[in-house]
Every structure is written in C-alpha cells, then in structure tokens.
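See below for the structure under consideration.
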Amino acid sequence: MEAQVHSRFVSGFTLIEVLVAVFVLAVGVMGAVAAQTVALRTRQESALMSHGVQLASSFADRMRANIAQMRVPDGANPYLRIDYDAASDGAPGVPSVPCYGGADCDTAAMAAFDIYELQQELHAAFPAPRVTVCRDAVMWSEAGDSLTWDCTGAASDPVVIKLGWRLRPAGDGAQAASVPIVAIVVSGDPA
C-alpha cells in the first residue's frame, strides 16, 4: 500500500512546477514581443531614412535642373533661402503658380513650386520635419558624431540639403536632439 501512495505523488506535476513552467513561458513570450517591437521601430526608422535620402536626392536633381536659379547670387537664390521647420512653420501654403505639365512657368516660379512640393512631401511623410538648404563646408559637429543645422555660408562652399525629423524618444525618456539625419551635397559651383 505504501508503494502505491508513493508512486501516486511521483507520477504527477506539483503546482509549483506548473507555476514555474508558466512563468518561463511568459518570460519567453514577453521577450518575443519586445523583440518584435524593436524590429518594427527599426523598420519604420529605416523606411523614413530611405524616403529622406530619396527626397533629398530628388530635390537636389530639381535644383541642378533649374540652373538659371542656381546661378543667381546667393541672396536672391530661392533654394538657398529654404529653412523650413514644420514644428514652427506649420503646413506649407499654396504656391502662387502651379507648375504642372504644360503650365507656363519661368525659372523662379519653378523654384517656388519645387520648394512647395518639397515642403508638402515633408509635411505628409515625416514626423515634425525640418529642411534647410545652404552653403556648408563643415556639416559635422565639432565632436564629429552628428550633423548640424549650422552652415558656414561662404560663397566657395558647396550647396547642401540638410533634412531631419523628430525621432522617437530615447529609452531613458530623454527626447532625441534635433539634428539633421540626411545631408546631400548638391554642388560646389553651379557655373
């Protein structure tokens, strides 16, 4: 009889063993969910980076195509006056001349339309975007670890498009610094 009682206790699982197994399973599921969340965030940031590079490259091509405006003095060049920050400027206004298809646009109207379309795309696709176009020879911070919004502005410096947007807050709750994420050199001298 004693043998039967002893085997009955040995053959089943105790409540503690079941609880430990459930705990281990829960930890594994939480780890998988956390890994999936990080993967989704990384994918979104990569998609924004890719879109930002494509947008800046496309805008650089538009600037190069409008050579008449790129040759005017820097103070009159509409492209070099771009300093759009959606956080403070809000949504872009409507262009004075829509330069679609067969519309009769001069080079200044085309530049204004290019700028409008850039701002529209930024506003629609990025969280709190910012863009500036300027002459800059030193795009990196003094520490050399990040791009800066500051521009050197010398006439001999290359024209640069700097594009950034609000990043997700860091894991420690600190807000990410507002720095350019994409910088494209348009040209050194449009002549």
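Worth pointing out:
- Hits in segment 42-83 - residues which are in contact (Cβ under 8 Å) with a residue 24 or more places away in the chain and among the β-branched types (V, I, T): V53, I67, I82
- Which numbered condition T42 fails, given (1) in a helix (DSSP H, G or I); (2) open to solvent by 50 Å² or more (accessible area, probe 1.4 Å); (3) over 23 Å from R166 (Cα atoms); (4) not charged (D, E, K, R): (3)
- When R71 is tested against (1) open to solvent by 90 Å² or more (accessible area, probe 1.4 Å); (2) modelled with pLDDT of 95 or more, only condition (2) is not met.
- From the list A124, A109, the one residue that fits, being open to solvent by less than 30 Å² (accessible area, probe 1.4 Å) and modelled with pLDDT of 70 or more, is A109.
Table: residues versus (1) exposed (fewer than 12 other Cβ atoms within 10 Å of the Cβ); (2) modelled with pLDDT under 85; (3) under 12 Å from the mean Cα position of the chain (by Cα).
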{"residue": "D114", "(1), (2), (3)": "no, no, no"}
{"residue": "Q119", "(1), (2), (3)": "no, no, no"}
{"residue": "D136", "(1), (2), (3)": "no, no, no"}
{"residue": "S141", "(1), (2), (3)": "no, yes, no"}
{"residue": "S146", "(1), (2), (3)": "no, yes, no"}
{"residue": "G153", "(1), (2), (3)": "no, yes, no"}
{"residue": "V160", "(1), (2), (3)": "no, no, no"}
{"residue": "W165", "(1), (2), (3)": "no, no, yes"}
{"residue": "S187", "(1), (2), (3)": "no, yes, no"}
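- Of the residues making up segment 107-142, those that are of a type in the set (G, A, S), on the phi < 0 side of the Ramachandran plot and either in contact (Cβ under 8 Å) with a residue 40 or more places away in the chain or touching a Leu at 6+ places or on another chain (Cβ under 7 Å) (or both) are A111, A125.
The values are calculated or read from the model by the stated rules, or taken from the named source; none is laboratory data. What you see is a predicted model; the values in this text were computed from it and never measured. As a convention, Cβ positions derive from the backbone with ideal geometry for all residues, glycine included, and neighbour counts pool all protein chains shown. Surface areas here come from the heavy atoms of the whole protein model, side chains and all, with no ligands, DNA or RNA. Shrake-Rupley method; radii C 1.70, N 1.55, O 1.52, S 1.80 Å.
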